[in-house]
Amino acid sequence: MGFWKTWFSTSEPATTTKTTSWEEDTAETAGNSSTAGVSGTSSSEARIIFSTERDIDLYELEELCDAVGWSRRPLRKVKKAIEHSFLVVSMWQVRGNKRRLIGFARATSDYAFNATIWDVVVHPEFQGKGLGKALMKYVLKKLRSEEISNVTLFADPHVVDFYRSLGFVSDPEGIKGMFWYPQ
């Protein structure tokens, strides 16, 4: 239970602002740079916005995935994956009336106990500024608000330490994952 207490029992004030249909929450992030954190209302300053809106431009998402070197996937399958996900979270840089997709994550679930987080991506220009952590914290907060208590994910070796820093553990209680792939 210690892991969840660190995420959901803090005395940090939550910065939540209801805005348009696609802007759900404003996130305070690391750093004082106007491109990394929440700023005032000046059109030259940038804000970081989280959204759970599923109507995402698939070409913009593909560009984001290309930026981190992910293999391309058929857009019709990406669309289907998003439509059938329990939770979809996008992270946007908003400057004036322009917005740019800079992060994305989604989760599948049994709608009762378990969820698995997939496709966590943050644009390389925005990595190392605390935005990946903010994105994951937001995803976990949303899952916990739906009373999902068991959260899993699959991580490539080069990001395992990032997820460990968020409280994820490898193979808890000796459970080993198994996979089936078509031949």
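Here is how the numbers come out for the structure above:
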read-out: Flag if Lys176 is closer than 24 Å to Gly69 by Cα, in a loop (DSSP other than H, G, I, E, B) and among the basic types (Lys, Arg); value: no
read-out: Search result, residues across region 161-174 that are under 17 Å from Gly128 (Cβ atoms) and either aliphatic (A, V, I, L, M) or touching a Ser or Thr at 6+ places or on another chain (Cβ under 7 Å) (or both); value: Leu166
read-out: Tally of residues being within 14 Å of Glu60 (Cα to Cα) and among the acidic types (Asp, Glu) across region 90-129; value: 0
read-out: Inter-residue pairs, beta-carbon under 9 Å, first under 17 Å from Lys79 (Cα atoms) and assigned to a strand (DSSP E or B) and in region 95-120, second among the acidic types (Asp, Glu) and modelled with pLDDT of 95 or more, 6+ apart; value: Leu101/Asp57; Leu101/Glu60; Leu101/Glu63; Phe104/Asp119; Ala105/Asp119; Arg106/Asp119
read-out: Filtered residue count, region 157-172, keeping only those that are part of a helix (DSSP H, G or I) and of a type outside the set (Ser, Thr, Tyr); value: 8
read-out: Options Asp55, Asp66; residue that is in a loop (DSSP other than H, G, I, E, B) and under 22 Å from Leu131 (Cα atoms); value: Asp55
read-out: Among the residues listed as Phe126, Phe86, Phe104, the single one being modelled with pLDDT of 95 or more and surrounded by fewer than 20 Cβ atoms within 10 Å (Cβ to Cβ); value: Phe86
read-out: Number of the exception - Val89 against (1) under 15 Å from the mean Cα position of the chain (by Cα); (2) assigned to a helix (DSSP H, G or I); value: (2)
read-out: Identity of the residue in region 129-156, part of a loop (DSSP other than H, G, I, E, B) and not acidic (Asp, Glu), that ends up surrounded by the most Cβ atoms within 10 Å (Cβ to Cβ); value: Ile148
read-out: Condition met for Ile82 (outside any strand (DSSP E or B) and under 14 Å from the mean Cα position of the chain (by Cα)); value: yes
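The values are calculated or read from the model by the stated rules, or taken from the named source; none is laboratory data. Quantities reported herein were computed from a predicted structural model and do not represent experimental measurements. Neighbour counts run over all protein chains shown; Cβ positions are idealised from the backbone, glycine included.
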